[in-house]
Structure formats: C-alpha cells, structure tokens
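Here the structure comes first, spelled out in structure tokens, and everything after it is commentary.
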Amino acid sequence: MSTQTTPGTEPAADSGSTVAEVAGRGESLPGKVLRILLTQRIALLVLLLATVLITMTQLSANNYLSAPYSTSYLAATLINAVPLVMLGLAELLVITSGRGGIDLSVGAIVSLTGMVFGFAYGEWGWSLPAALVLAVVFGGLCGAVNGALIAYLGFPALITTLATYYGFSSLALVVNDQRPINSQPIQDLYSTASAVSLPFLPDAFPRIPLGVFTFLIPTALVVWLVLARTTYGRRLYAIGTNDVAAEWTGINVARTRFTAYVAAGAISGLVAVVTVAQFASARPDSGVAGNGMALPAITIAVLGGVAITGGIGRVAGVVLATLLIVWLNAGILLAVPGNAGSQLQLFALGVVLIFAALLNGFSNRRYGGTS
Amino acid sequence: MSSSILTPAGRPDGEPAAVAPQDGGRQRLLPSPVTGQEMVLIVVIALLWLALSLATPAFFTSGSIVPLLVGMTPIALIGVGMTIVIITGGIDVSVGSIVMVCSVIVAQTMVGSGLPLPLAVLLAVAIGGVLGLVNGVLIAYGRVHAIIITFGTLNLFRFIGLQVFGSSTVEGIPRTLNFFGRGEAGRTLGIPHSFVIMLVIAALAWWYLRHTAGGRHFYAIGGDSQAARLAGISVRTRVLMAYVVTGLLAGLASCFVLAQGTSSLAANVGSGLELAVIAAVVIGGTSIIGGRGSVLGTVLGALLVQTVATGVTQLGWRSQLSDLFVGLFILIAVGADLIRQRTRRAS
C-alpha cells in the first residue's frame with residue numbers, strides 16, 4: 001500500500017506533475033519521457049494506441065490485410081466498445097471503492113436484466129422509455145444485493161459477487177425456460193445498433209454506431225462527472241485509499257461503497273438493453289456465455305490503470321484501454337482472418353494485461369508510483 | 001494485504017486454543033481436526049443425502065452415487081491446490097484454461113500415438129505443472145496481484161488450447177483413461193478409482209498443511225506476508241510452490257475430465273471450472289483473505305456442490321437451478337465465517 005500517497009485520480013495527476021517538476025530538474029529529456037510513460041498510465045495507453053493504429057495503417061497500405069484498416073472500419077468496430085467501456089466503468093466504480101472491491105456478477109446481471117427487459121418490452125408491450133427505466137432500476141436492485149452484503153455486512157466482494165453470479169445467471173436461464181425472447185418489438189430494436197451519419201459533418205466522416213451516442217458517451221460522461229466533480233467522487237476515492245481514515249473524517253463508508261455497487265448494477269442494466277438491441281433478441285446467457293462479460297470488463301479496467309487495491313482509477317484510462325483492445329482486435333481480425341484471428345485476440349489480451357501489470361509494478365518500485 | 005484494511009489479518013484456526021492453554025498446561029497449537037464449518041457441512045450433506053434418498057428411491061443406488069463421487073473429483077482435486085493458493089492470500093482463475101490445455105494435448109496424443117495410461121497421466125501432470133509454474137513465477141517475482149496475472153494467463157492458456165484444437169473437436173479418443181471413469185473399468189469393489197486417488201492426495205495435503213513446518217508457512221504468508229518474510233520464511237518459493245501444485249493437480253484433473261467425457265472433446269472443456277472450484281473452496285470455510293482454511297473443508301464443499309447438482313436433477317427440477325443453490329450456499333458459508341470471526345474477536 002506504499003503507492004497510495006495521493007487520494008484520487010485528479011490529485012494523482014496533479015501531484016504527478018508537481019513531482020515531475022521537482023524531479024525534472026537535472027533530469028535528461030529521454031529520462032523524463034520514460035518516467036512519464038511509466039508512471040502515467042494515460043500516456044502509455046496513448047502511445048500504445050498510436051503504435052497500433054500506425055502499424056495497422058502501414059500494413060493496410062502495403063496490402064498485408066484482407067480488408068483496408070480504414071476509418072469507417074474503425075468506426076464500425078466501435079459497436080464492440082459500447083458494452084466493454086460501460087462494464088469497464090462499472091468495474092472502475094467498485095474496484096475504486098477499495099477493500100478488495102470487484103464485481104464478477106456484471107455479466108450475470110446483464111443476462112437477467114436482459115430477460116426482464118425482454119419481457120417488459122417484447123411481451124408485456126411496455127413503451128421503450130418505461131422498459132429502459134425498468135432495466136436500469138432492476139440492474140440497480142441486483143447491484144444493491146451485492147452492495148448490501150459487501151458494504152453493510154462486510155462480505156468479501158470477490159466471493160459475494162461469485163455467489164450472485166451463480167444466482168443471477170441461474171435465474172436468467174430458468175425464468176423463460178432457457179428460451180430467448182425475440183418478438184417483433186425486440187427485433188425492431190436492432191436499429192439502435194445500426195450506424196448513423198452525423199449531422200453538420202461531411203459525408204466523408206465515418207458512420208459511427210448509434211449506441212456510441214445513446215449509451216457509451218452519456219455513461220462515460222456521467223461517471224466522469226460524478227468521480228471528478230462531485231463530493232461523492234471524492235468520498236469514493238477516499239474510502240478506496242484508506243477506509244479507516246475516511247471513516248474518521250466522517251464519511252459514511254458503508255453507504256458510499258453500497259452506492260458504488262448499485263451504480264455498477266444500474267450500468268449493467270443499461271448494457272443489457274444494448275446487448276438485447278445488438279442481438280435483436282433477449283438471450284438468457286447473453287452476459288455469461290463463453291468467458292462471460294465480467295472477465296473482459298475487469299481486464300479493461302485493470303489495463304486502464306485502475307488499481308486493484310482501490311482508490312486509483314480514471315474514466316479516460318478505461319476508455320483508452322477499450323479503444324486499444326477493440327482496435328487491436330479489429331486489426332488482428334484483418335491480418336489473420338477467421339478462427340485463428342479470434343484466437344490471437346485472446347493471446348493479445350492476455351499479453352497486454354500481464355505486460356501492463358508487470359510494468360505497473362516495476363514503475364511503482366522505481367519511481368515510488370503515482371500510477 | 002490490501003484487501004483487509006479493516007479486518008485483522010487472517011489467523012490460523014487454532015489461535016484461540018493457543019492463547020488459552022487447557023490440555024493440562026500443554027498448549028495446543030493446532031485446531032481440532034474438524035472445525036465448526038466442516039461439522040456443519042457434514043451435517044448438511046448428511047441431511048441432504050437423507051432427504052434425497054427419502055424423496056427419490058433412485059438416489060441411494062450405486063448408479064447414482066458413483067457418478068456423484070466421480071463427478072466431484074476434478075473440482076475437489078483442483079480445490080486442494082486452490083485451497084493452498086487461497087490460504088497464501090492469492091487466487092488462481094486460470095485453472096479452467098489449464099485443464100483445457102492439458103486435456104486437449106493428452107487427447108490428441110492418445111488419438112495420434114495410442115499413448116498408454118501412465119504416460120498420458122504423466123504428460124497431463126507435466127503440462128499442468130509448467131503452466132502453473134508460469135503463473136507462479138509471474139506472481140511471486142512480478143509482485144502483481146494474483147487475480148490480474150491469472151486473468152491474463154486465463155486468456156493466454158485458452159489461446160494455446162485453441163491453437164492445439166485447431167478449430168475443430170478432437171474425435172475418436174481411445175478409452176485409455178477408463179481407469180478413472182465412472183464405468184465398470186473405473187471401479188474396484190464398487191469404489192471409483194478417481195475418488196480414491198483424490199482422497200489420498202487430499203489426505204496428504206491435509207496432513208502436510210497441518211503437521212509440517214512447511215505447511216504452516218502457507219498460513220503464515222496468508223496471515224501477514226511481511227511478518228512471514230521477516231520470520232525467515234522464503235515467501236517467494238512458497239507462493240511459487242502453491243501455484244505449481246495447483247497446476248499439477250489441474251493436469252491430473254484433466255485426465256479425470258477426459259475419462260468422464262465421451263470419445264470427442266470440444267473446445268469448451270474446462271470453461272467455468274475455476275468458479276466451481278473457488279465456490280467449493282469457499283463453501284469449505286477457507287477465508288478468501290488468506291491465512292485460514294483446510295483441505296477437508298474443500299473436499300466437503302465439492303461434495304456438497306455435486307450433491308446439490310445431482311439432487312436437483314433427480315428431483316426433476318430444472319438443472320440450472322443448482323447454480324442458484326450453489327450461490328446461496330456460498331453466501332451462507334461466508335456469512336457463517338464472518339459471524340465466527342466476530343464472536344472470536346469479541347471474546
């Protein structure tokens with residue numbers, strides 16, 4: 001816990017730069033660049049992202065890829081970033097709340113809430129806004145189960161969310177007898193996943209999936225505002241850094257942590273709507289099929305510089321990490337088409353994650369670490 | 001340990017006994033062989049078995065008990081390793097991927113060259129050990145939280161496994177491993193071999209963790225790794241060992257998984273296994289914070305999980321409901337553990 005001398009993200013960046021000014025005297029330029037890259041996760045992510053984009057564009061220009069790595073292709077792949085960023089932000093909130101905070105159940109909440117949304121919108125004939133609100137509230141309730149157990153009763157987060165993962169995913173399968181809901185209204189919802197061309201911009205500008213504007217950007221904006229501009233955000237960083245000290249400064253630690261899990265559940269509820277729209281069907285296993293949604297979300301959060309020990313993490317890091325992974329994956333699919341490509345994506349994800357984590361450990365030891 | 005800011009560092013079960021000497025002045029340093037949680041588990045399992053055999057006459061027949069015992073062996077076996085890992089304060093979420101890599105390589109080698117049984121087991125255990133070593137080196141020497149490293153290796157190992165699979169299932173696996181299966185070849189006097197092997201390994205691990213200095217070191221590391229290091233324990237070597245043992249056992253478990261399967265092996269083998277194993281360990285009373293836990297509890301936890309799965313199917317309920325019960329059991333187990341901690345602290 002020697003790394004957490006600063007209470008949060010914004011201060012971390014601030015003190016990072018003051019440390020830089022102090023240490024910057026008598027330091028050579030390459031050394032300074034290296035230190036910034038190693039200690040500022042955002043800088044490293046930008047560099048990696050630029051490397052991926054430049055390399056892929058070069059490969060594309062030399063016809064090594066099966067299709068051009070163009071801006072319209074990149075824009076189209078952003079549809080994959082929508083659930084990833086949102087769940088990454090959910091993990092950001094709970095991991096930052098500290099004390100081993102983590103949420104393995106987000107994928108299961110997506111499955112279960114997707115089914116509830118499917119019933120409301122596809123079977124009971126609710127209007128879209130009403131069903132959307134229901135999804136968010138229901139997701140929040142699932143998160144409240146986690147939050148109550150973890151924050152008020154002191155259950156370890158990893159185990160609690162493992163248990164609710166089992167519970168929610170089991171209920172999602174049972175509730176409609178393992179059958180998906182794909183009635184007409186649900187299938188019509190597919191249009192939210194389609195691409196739109198922006199007004200006021202020339203036609204040459206790439207068409208970006210609508211989900212980016214309706215779900216991703218609002219969520220990221222709200223989470224950023226809450227974390228960086230409200231007292232709740234300050235409290236969350238405080239309890240994540242040292243919850244005993246936070247308690248003594250008069251912060252209601254349990255309620256602050258509880259709220260983080262509720263928010264993570266509510267975001268998962270939104271992701272459920274996105275997923276239903278994307279597949280034009282409410283599938284009972286949408287959030288837990290394969291490796292599920294929780295593992296990639298946690299991976300993205302950690303890659304984005306969220307400290308697993310709590311108290312450190314930024315929205316920009318999560319967004320950049322998602323863009324890095326999504327656009328790297330998109331490039332891999334073009335370079336190595338088909339099954340081999342999707343396998344190589346697993347490899348890339350694993351290597352990037354371990355590399356980032358080891359680098360983090362190294363830079364913390366070398367520079368005293370502001371992450 | 002960052003995850004335990006408020007709770008005092010986990011301590012071995014026997015601490016209170018050591019503080020209050022009662023056996024004629026001779027201090028008991030060890031907990032009683034069967035702790036509270038394990039007693040509760042035994043009672044719960046006994047009640048479940050009783051209820052199930054009353055509800056469905058088919059339950060207490062060898063046709064139902066043998067698959068139950070064989071079915072729990074992979075989870076219990078990996079659970080032994082996972083218990084050690086969690087006692088040190090770590091976690092390993094890559095075991096499902098290790099099982100996948102081992103089983104696909106062994107299956108393909110058996111199809112290709114008719115590998116005999118001992119060599120197949122040796123191959124699986126060796127591969128598992130190597131993958132465990134990768135985890136162990138990265139965690140012990142990289143000084144990164146175990147969950148991050150094993151999330152990474154989960155993807156890496158899965159990649160290796162899929163490469164070996166080569167985008168198709170393995171077909172026509174010979175029945176070399178029937179010795180571990182649930183069929184007639186897998187039993188002596190009606191007792192399945194895989195279950196006996198699992199029991200022997202679990203018993204060895206139980207004795208090692210309880211009665212040797214080396215075993216107690218794992219508890220010390222989980223309690224407070226700084227203090228353990230200052231006390232002269234080679235923390236890195238011990239942590240490395242925990243992950244290698246888990247890898248070795250996952251390798252052996254992959255043989256059991258193959259033996260229980262059909263003659264074809266699909267790429268989804270082992271997925272989700274890590275969560276089932278962690279569930280069994282936690283239901284068995286091992287503290288996720290580290291420093292407390294026992295192998296006996298893990299074996300009982302695995303037995304409980306498998307009993308619930310069997311029971312739900314035999315009662316004709318939807319099989320997916322068993323996961324709901326597993327979730328509930330985890331919460332009850334953790335809740336019971338918390339209550340015990342609080343009463344202990346209060347006394």
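Can you confirm whether B:LEU240 is closer than 22 Å to B:THR109 by Cβ, open to solvent by 10 Å² or more (accessible area, probe 1.4 Å) and in contact with a helix residue (DSSP H, G or I) (Cβ under 6 Å, 6 or more places away or on another chain)? It is false that B:LEU240 is closer than 22 Å to B:THR109 by Cβ, open to solvent by 10 Å² or more (accessible area, probe 1.4 Å) and in contact with a helix residue (DSSP H, G or I) (Cβ under 6 Å, 6 or more places away or on another chain). For the stretch A:329-353: of the residues being more than 9 Å from every other protein chain (Cβ to nearest Cβ) and open to solvent by 30 Å² or more (accessible area, probe 1.4 Å), which is farthest from B:VAL144 (Cα to Cα)? Here the residue is A:PRO337.
Within the stretch A:206-239, the residues that satisfy the criterion of being in a helix (DSSP H, G or I) and of a type in the set (Lys, Arg) are A:ARG229, A:ARG234, A:ARG235. Applying the criterion of being assigned to a loop (DSSP other than H, G, I, E, B) and open to solvent by less than 50 Å² (accessible area, probe 1.4 Å) to the residues of the stretch B:115-146, the residue that is farthest from A:PHE362 (Cα to Cα) is B:LEU115. Quick one: would you say B:LEU162 is of a type in the set (A, V, I, L, M) and modelled with pLDDT under 80? No: the conditions fail for B:LEU162.
If the condition is being within 14 Å of another protein chain (Cβ to nearest Cβ), in contact with a Phe, Trp or Tyr (Cβ under 9 Å, 6 or more places away or on another chain) and among the β-branched types (Val, Ile, Thr), then the stretch A:258-301 contributes A:VAL288, A:ILE298, A:THR299. Among all residues of the stretch A:315-323, there is at least one that is touching a Gly at 6+ places or on another chain (Cβ under 8 Å), touching a residue at least 60 places away in the same chain (Cβ under 8 Å) and under 26 Å from A:LEU112 (Cβ atoms). Against the test of being at pLDDT 85 or above and closer than 26 Å to B:LEU296 by Cα, the options B:VAL70, B:VAL134 yield a single qualifying residue, B:VAL70. Restricting the search to the stretch B:295-325, which residues are modelled with pLDDT of 85 or more and closer than 22 Å to A:VAL145 by Cα? Of everything in the stretch B:295-325, those that are modelled with pLDDT of 85 or more and closer than 22 Å to A:VAL145 by Cα turn out to be B:LEU324, B:PHE325. Selection of the stretch B:76-92 for residues being crowded, with 24+ Cβ neighbours inside 10 Å, among the hydrophobic types (A, V, I, L, M, F, W, C) and over 11 Å from the mean Cα position of the chain (by Cα) yields only B:ILE87.
Residues in the stretch A:146-157 that are surrounded by 22 or more Cβ atoms within 10 Å (Cβ to Cβ), assigned to a helix (DSSP H, G or I) and in contact (Cβ under 8 Å) with a residue 40 or more places away in the chain: A:ASN146, A:GLY147, A:ILE150, A:ALA151, A:ALA157. Pull up the stretch B:308-341, narrow it to residues that are within 11 Å of another protein chain (Cβ to nearest Cβ) and outside any helix (DSSP H, G or I), then point me to the one that is least open to solvent (accessible area, probe 1.4 Å). Ranking the qualifying residues of the stretch B:308-341, first place goes to B:GLN320. Here A:LEU295 meets each of (1) surrounded by 23 or more Cβ atoms within 10 Å (Cβ to Cβ); (2) within 16 Å of the chain's Cα centre (by Cα) with one exception, condition (1).
Between a residue in the stretch A:330-349 that is within 14 Å of B:GLY161 (Cβ to Cβ) and any residue that is among the aromatic types (Phe, Trp, Tyr) and in a helix (DSSP H, G or I), which pairs come within a Cβ distance under 7 Å, given they are 6 or more apart or on different chains? Here the result reads A:GLN343/B:PHE159; A:LEU346/B:PHE159; A:PHE347/B:PHE159, each pair linking the stretch A:330-349 to a residue that is among the aromatic types (Phe, Trp, Tyr) and in a helix (DSSP H, G or I). Listed by first and then second residue, the pairs with beta-carbon distance under 6 Å, at least 6 apart or on different chains, first residue in the stretch B:303-329 and within 21 Å of A:PHE155 (Cβ to Cβ), second open to solvent by 50 Å² or more (accessible area, probe 1.4 Å) and in a helix (DSSP H, G or I), are B:VAL308/B:PHE325.
Quick grid of which residues meet (1) of a type outside the set (Ser, Thr, Tyr); (2) in contact with a strand residue (DSSP E or B) (Cβ under 6 Å, 6 or more places away or on another chain); (3) under 24 Å from A:ALA163 (Cα atoms); (4) open to solvent by less than 30 Å² (accessible area, probe 1.4 Å):
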{"site": "B:LEU230", "(1), (2), (3), (4)": "yes, no, no, no"}
{"site": "B:GLY247", "(1), (2), (3), (4)": "yes, no, no, yes"}
{"site": "B:ALA250", "(1), (2), (3), (4)": "yes, no, yes, yes"}
{"site": "B:GLY291", "(1), (2), (3), (4)": "yes, no, yes, yes"}
{"site": "B:SER294", "(1), (2), (3), (4)": "no, no, yes, yes"}
{"site": "B:GLY297", "(1), (2), (3), (4)": "yes, no, yes, yes"}
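Okay, residues lined up against (1) buried (at least 17 other Cβ atoms within 10 Å of the Cβ); (2) within 25 Å of B:ASP337 (Cβ to Cβ); (3) at pLDDT 85 or above:
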residue	(1), (2), (3)
A:VAL137	no, no, yes
A:ALA195	no, no, no
A:LEU216	yes, no, yes
A:THR231	no, no, yes
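A:PHE362 - would you say it is within 11 Å of another protein chain (Cβ to nearest Cβ), of a type in the set (Phe, Trp, Tyr), more than 22 Å from A:MET56 (Cβ to Cβ) and open to solvent by 10 Å² or more (accessible area, probe 1.4 Å)? When the stated conditions are applied, A:PHE362 passes them. Residues that are open to solvent by less than 10 Å² (accessible area, probe 1.4 Å), of a type in the set (Val, Ile, Thr) and outside any helix (DSSP H, G or I) occur in the stretch A:99-114; there is at least one. When A:GLY317 is tested against (1) open to solvent by less than 10 Å² (accessible area, probe 1.4 Å); (2) modelled with pLDDT of 85 or more; (3) at the interface with chain B (Cβ under 8 Å from one of its Cβ atoms), only condition (3) is not met.
Hey, does the stretch B:100-112 have a residue that's farther than 19 Å from B:SER254 by Cα and more than 22 Å from the chain's Cα centre (by Cα)? No; the residues of the stretch B:100-112 include none that is farther than 19 Å from B:SER254 by Cα and more than 22 Å from the chain's Cα centre (by Cα). Residues in the stretch B:125-171 that are of a type in the set (S, T, N, Q) and more than 7 Å from every other protein chain (Cβ to nearest Cβ) were compared, and the one that is nearest to A:MET293 (Cα to Cα) is B:THR150. Residues considered: B:THR176, B:THR212, B:THR246, B:THR188. Of these, the only one that is over 17 Å from the mean Cα position of the chain (by Cα) and touching a residue at least 12 places away in the same chain (Cβ under 8 Å) is B:THR176.
Residues checked against (1) among the small types (Gly, Ala, Ser); (2) at pLDDT 85 or above; (3) surrounded by fewer than 16 Cβ atoms within 10 Å (Cβ to Cβ); (4) within 30 Å of B:LEU275 (Cα to Cα):
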position	(1), (2), (3), (4)
A:GLN4	no, no, no, no
A:ALA12	yes, no, no, no
A:VAL22	no, no, yes, no
A:PRO30	no, no, yes, no
A:PRO68	no, no, yes, no
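There is no residue in the stretch B:292-307 that is of a type in the set (D, E, K, R), under 18 Å from the mean Cα position of the chain (by Cα) and within 12 Å of another protein chain (Cβ to nearest Cβ). B:ALA266 satisfies every condition listed in (1) aliphatic (A, V, I, L, M); (2) closer than 22 Å to B:VAL196 by Cβ; (3) away from every other protein chain (no Cβ under 12 Å) except (2).
The values are calculated or read from the model by the stated rules, or taken from the named source; none is laboratory data. This one's a predicted model, so the numbers in the text were calculated from it and none came from an experiment. Methodologically, a virtual Cβ is constructed for each residue, glycine included, from the backbone with ideal geometry; neighbour enumeration extends over all protein chains shown. Heads up: the accessible areas ignore ligands, DNA and RNA and are worked out on the full protein's heavy atoms, side chains in. Shrake-Rupley method; radii C 1.70, N 1.55, O 1.52, S 1.80 Å.
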